[in-house]
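Only one structure is covered here, and it is reproduced in the block below.
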């Protein structure tokens, strides 16, 4: 545990987590690209696979461009029932320095709950819960995700995963 | 049990349309009595059902839990290396005997009253069988050998394990017929599991099963395919059914465009080909022709609930398990070959972005199933219409622009259901 992170940096990391959730929930999903480094790795994998050291992931974008492509596909190509998310993010923790990612890089965790609402009939479900396993780096004063790995708890996905978590 | 009466009543009120297999009445997608009959006649009937990969039960004592329709089953590898499958339900009082999804065990043990079975499903002991101090215990005439787990017949092809409730069913390879060629082509070497994905679909299992049999929706519904040339109707392709019409596979060869005036005319009206949709990063479209036959996509569907796909370099099985007339799960198992290079494993994992619950290509399928479910309601009238390529079981030939494989599905379904 490296405890040399400043309170300001800790607050900035916490805010970065909330910012990601807010942009998705407000349907400004393209803007999450601004919260990532260019080479950021965004992955969504089930706890079932992660616990068994199985490498399969339902989403794996190996760069910001790939995640933005996915969001474009979601907007113009993919067919799915209209829906929106409400994220509840809690327990943002800085575990320590992520020295593999250079200086001022931090290994962080957070919990999330996503409640999904369908437009056509208003039905709501707890769509996903899980953990963000992230590395946050600072580009100047701005914190960015260099890695955002979503580990979701249920091995089952309701119908489709189209909006990023 | 009033199921047979309800079912007969249904047929009397709403018989199968006279057009035969080119129509499927919508009540078959929502009716509880039909669902119960499917479990008996199709899932516990004379068919081979996917149980898992040999690679999932590699060692003596390995097991995998699964379901056939809604019946829980366990695939095991015995200490002598042989594969077995049993119903996961204690012969005593019906409790689950194998509670974990995957693992290793010496025996199958019921936690409720300690009935213990070997990995072939034979009962080896029952707790307090002799009672205590001459009291309690099982009757004198109780024989362990009369109380084993229900056993399935098991067979394998290219590392895939199948099971059947019918011990007199024809051999697996005969049952597969010509469609077995599609399996042998795609799985030439020992497999290595990469992971799992379960997609819950709030629709009838047949809505999903029809989907991969329907080779002509792909380029209409799935924009990602058409826009980037992964699969278009103008490419070299074919559809192959076995002679009994139970199963089907079709393939497409990317990069083999053959111009056609009708294609151009239709294509310009399809929403699926978006000229304004460009990728920032095209690397997802890079694939390696690992079989050397130019086939970029092959989708193989077995009656009633199994799919094997090659989409670029993603390889996976898909298995439908059922819960009710209007809910099923699609279990995706992703794999490669034991001898894959790290680069090939990485490519397969990357191409998983195209498929599965979050697949850029395949996510639409579950969505459409649920939209159909939404349109049907609880007591739908009418029937679907499937006459692309013709009206009977043979018309349409090998063209992918055809609903021939759907007509054959409904023909087999009616035969097994006695409809």
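Results, tabulated for the structure shown:
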{"read-out": "Matching residues in region B:170-203 - criterion: being over 23 Å from residue B:358 (Cβ atoms) and part of a loop (DSSP other than H, G, I, E, B)", "value": "B:170, B:171, B:187, B:188, B:189, B:190"}
{"read-out": "Candidates A:73, A:11, A:21 - the one that is in a helix (DSSP H, G or I), farther than 21 Å from residue A:101 by Cβ and without any contact (Cβ under 8 Å) to a residue 60 or more places away in the chain", "value": "A:73"}
{"read-out": "Qualifying residue in region A:100-111 (condition: more than 30 Å from residue B:277 (Cα to Cα) and part of a helix (DSSP H, G or I))", "value": "yes"}
{"read-out": "Residue B:201 within 14 Å of another protein chain (Cβ to nearest Cβ) and surrounded by fewer than 23 Cβ atoms within 10 Å (Cβ to Cβ)", "value": "no"}
{"read-out": "Residue count for region A:40-65, restricted to those that are closer than 19 Å to residue B:285 by Cα and either over 13 Å from the mean Cα position of the chain (by Cα) or at the interface with another protein chain (Cβ under 7 Å from one of its Cβ atoms) (or both)", "value": "8"}
{"read-out": "Pick from region B:215-227, criterion crowded, with 22+ Cβ neighbours inside 10 Å and not in a helix (DSSP H, G or I), ranking: nearest to the other protein chains (Cβ to nearest Cβ)", "value": "B:222"}
{"read-out": "Residue B:309 vs. criteria more than 19 Å from residue A:46 (Cα to Cα), modelled with pLDDT of 95 or more, surrounded by 20 or more Cβ atoms within 10 Å (Cβ to Cβ) and under 16 Å from the mean Cα position of the chain (by Cα)", "value": "yes"}
{"read-out": "Residues located in region B:387-419, provided they are in a loop (DSSP other than H, G, I, E, B) and touching a strand residue (DSSP E or B) at 6+ places or on another chain (Cβ under 7 Å)", "value": "B:398, B:399, B:400, B:402"}
{"read-out": "Region B:112-139: number of residues that are under 20 Å from residue B:163 (Cα atoms) and part of a strand (DSSP E or B)", "value": "1"}
{"read-out": "Elements of type strands (runs of 3 or more DSSP E) contained in region B:5-111, each with 2 or more residues being within 27 Å of residue B:332 (Cα to Cα)", "value": "B:49-53, B:62-68, B:71-77, B:83-87, B:102-104"}
{"read-out": "Residue match in region A:15-33 (condition: modelled with pLDDT of 95 or more, surrounded by 13 or more Cβ atoms within 10 Å (Cβ to Cβ) and within 14 Å of another protein chain (Cβ to nearest Cβ))", "value": "yes"}
{"read-out": "Qualifying position, being buried (at least 19 other Cβ atoms within 10 Å of the Cβ) and touching a strand residue (DSSP E or B) at 6+ places or on another chain (Cβ under 7 Å), among A:92, A:126, A:88", "value": "A:92"}
{"read-out": "Residue match in region B:271-281 (condition: touching a strand residue (DSSP E or B) at 6+ places or on another chain (Cβ under 6 Å), in a loop (DSSP other than H, G, I, E, B) and more than 9 Å from every other protein chain (Cβ to nearest Cβ))", "value": "no"}
{"read-out": "Spans of strands (runs of 3 or more DSSP E) in region B:289-328 with at least 3 residues out of contact with any strand residue (DSSP E or B) (no Cβ under 6 Å at 6 or more places or on another chain) and under 21 Å from residue A:159 (Cα atoms)", "value": "B:314-324"}
{"read-out": "Any chance residue A:161 is within 10 Å of chain B (Cβ to nearest Cβ), at negative phi, crowded, with 21+ Cβ neighbours inside 10 Å and not in a strand (DSSP E or B)", "value": "yes"}
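Residue by residue, here is whether (1) within 26 Å of residue B:353 (Cα to Cα); (2) more than 14 Å from chain B (Cβ to nearest Cβ) holds:
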| residue | (1), (2) |
| --- | --- |
| A:67 | yes, no |
| A:72 | yes, no |
| A:78 | yes, no |
| A:87 | yes, yes |
| A:94 | no, yes |
| A:98 | no, yes |
| A:104 | no, yes |
| A:109 | yes, yes |
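Table: residues versus (1) part of a strand (DSSP E or B); (2) facing chain A (nearest Cβ under 9 Å).
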position: B:331; (1), (2): yes, no
position: B:334; (1), (2): yes, yes
position: B:339; (1), (2): no, no
position: B:356; (1), (2): no, yes
position: B:372; (1), (2): no, no
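Let's see how each residue does on (1) exposed (fewer than 15 other Cβ atoms within 10 Å of the Cβ); (2) at pLDDT 95 or above; (3) touching a helix residue (DSSP H, G or I) at 6+ places or on another chain (Cβ under 8 Å):
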position	(1), (2), (3)
B:53	no, yes, no
B:63	no, yes, no
B:74	no, yes, no
B:83	no, yes, yes
B:100	yes, yes, no
B:170	yes, yes, no
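The values are calculated or read from the model by the stated rules, or taken from the named source; none is laboratory data. Please read all numbers here as calculations on a predicted model, not as lab measurements. Please note: Cβ atoms are built from the backbone with ideal geometry, for glycine as well, and neighbour counts cover all protein chains shown.
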